[in-house]
Amino acid sequence: MSRERSDGVPGDAPVRRNGVQWPMLIGLTVVWVLLWGGLTVGNVLSGLVVAVVVTLVFPLPPIVFGGRLRARGLAVLIGWFVVELVVASVQVAALALRIGRPPLNAVIEVDLRSRSDLYLTLTAELLSLVPGSLVVEVRRSTSTLFLHVLGVRDESDVEAARRRALRQEERVVRALASDEELAAYLAEGVGR
Amino acid sequence: MTWLDVVSAACLLAGCALSLIAAVGLIRFPDLLSRMHAGTKPQVFGLLLILVGIGLRLRDWSDVGMLLAVAMFQLLTAPVAAHMVGRAAYRRGAVRRDTLLVDELTPVLEAEDRPGP
């Protein structure tokens with residue numbers, strides 16, 4: 001999100017990669033087959049052709065992913081996401097139906113602790129999917145998110161929203177980071 | 001009617017109720033950013049419930065694959081769309097300041113717009 005804002009950091013511009021991106025090709029082909037609704041040789045071949053054309057016409061910047069999938073962290077991440085989705089959906093629904101004054105909101109700054117495009121993007125996506133928080137601005141250079149939070153009553157609600165965002169990031173890192181990344185992330189937290 | 005049909009009907013009804021509440025919120029919330037919450041969020045969960053309901057009723061693998069694709073695209077695109085609309089609205093000043101208890105972004109943007117020394 002907001003990728004054009006690299007804030008003038010030299011050498012920080014995303015580089016477009018060349019060559020065949022097999023995971024991308026396979027993913028696009030699977031989607032194509034799903035959309036046609038049948039696993040036939042014709043569908044797979046036409047899907048591969050479309051995937052090659054799409055990756056050639058719209059090349060994406062590479063994602064730096066040096067981590068590994070941690071099964072336990074991933075389960076915690078998905079489990080908490082579902083819980084938050086349900087709870088927050090009910091809360092926003094209650095706010096929408098409440099009689100009386102419309103809710104107060106807040107725009108808060110959250111400084112994420114990791115320095116990775118991937119974790120920044122994933123955290124922002126997950127926070128946006130959970131009702132009650134909306135990402136209005138992203139600073140890639142400092143890993144800062146600006147969130148619009150629905151229905152705050154006082155300062156303690158604002159701080160609770162900030163902590164919720166940081167916990168979301170921690171779950172993302174614990175699900176995907178390598179040992180070195182996780183150690184650096186935890187060390188960053190001690191310095192705060 | 002099996003118990004699967006009952007679960008399916010419950011999911012469909014709950015999903016419809018959430019989508020209806022999202023529409024109510026869209027009308028009742030005061031400004032664009034609050035409306036983005038109502039417009040994008042209960043509807044994500046509502047849609048997922050409806051997809052689960054349909055999947056339990058159809059029980060056919062090619063249909064379930066299609067439903068999975070719908071869910072995936074919804075989860076991928078809804079936050080990006082909400083972010084782009086919210087970001088543009090904020091920068092255009094289409095935000096009602098009187099609904100904000102705290103605003104930590106405006107000072108940051110103003111500091112950036114000011115010409116440097």
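Only the coordinates and a few stated rules stand behind these numbers; no lab work does. The model shown is predicted, which means the values in this text are computed figures rather than measured ones. Note that we place each Cβ from the backbone using ideal geometry, even for glycine, and neighbour counts take in every protein chain shown.
By the combined test of axial Cα extent (at least 15 Å) and Kyte-Doolittle hydropathy (mean at least 1.0), the qualifying DSSP H helices of chain B come to B:3-28, B:32-58. Taking other C-beta atoms within 10 angstrom as a stand-in for reagent exposure, A:H148, B:H83 fall in the order B:H83, A:H148, fewest first. Each residue, B:R96 and A:R72, gets one label point 7 Å from its Cα in the Cβ direction; the gap between the two is 4.8 nm. Within segment B:72-112, the trypsin sites (Lys or Arg not before Pro) that combine a DSSP coil assignment with at most 14 other C-beta atoms in a 10 angstrom radius are B:R92, B:R96.
Reducing segment B:33-103 and segment A:39-110 to their Cα centroids gives an inter-centroid distance of 10 Å. Can you tell me, using C-alpha contacts under 8 Å and at least 6 residues apart, the relative contact order of chain A as a whole percent? Over chain A, the number comes to 25 percent.
Along the Cα-to-C-beta direction of A:F81, a point sits 7 Å from the Cα; which residues of segment A:111-140 have their amide N less than 11 Å from that point? Label zone hits: A:122-130.
Figure legend: label point modelled 7 angstrom from the Cα of B:D63 along Cα→Cβ; residues of segment B:1-16 with amide N under 16 Å from it are B:1-13. Annotation: the residues B:R35, A:R171, sorted from fewest to most other C-beta atoms within 10 Å of their own C-beta, follow the order B:R35, A:R171. Taking the number of Cβ atoms within 10 Å of each Cβ as an exposure proxy, the fewest-first ranking of B:M36, A:M24 is A:M24, B:M36. Ordering B:G86, B:M36, B:I54 by Cα displacement along the dipole of segment B:25-117 toward the positive end leaves B:I54 in first place; charges were set at the Cβ atoms of Lys, Arg (+1) and Asp, Glu (-1).
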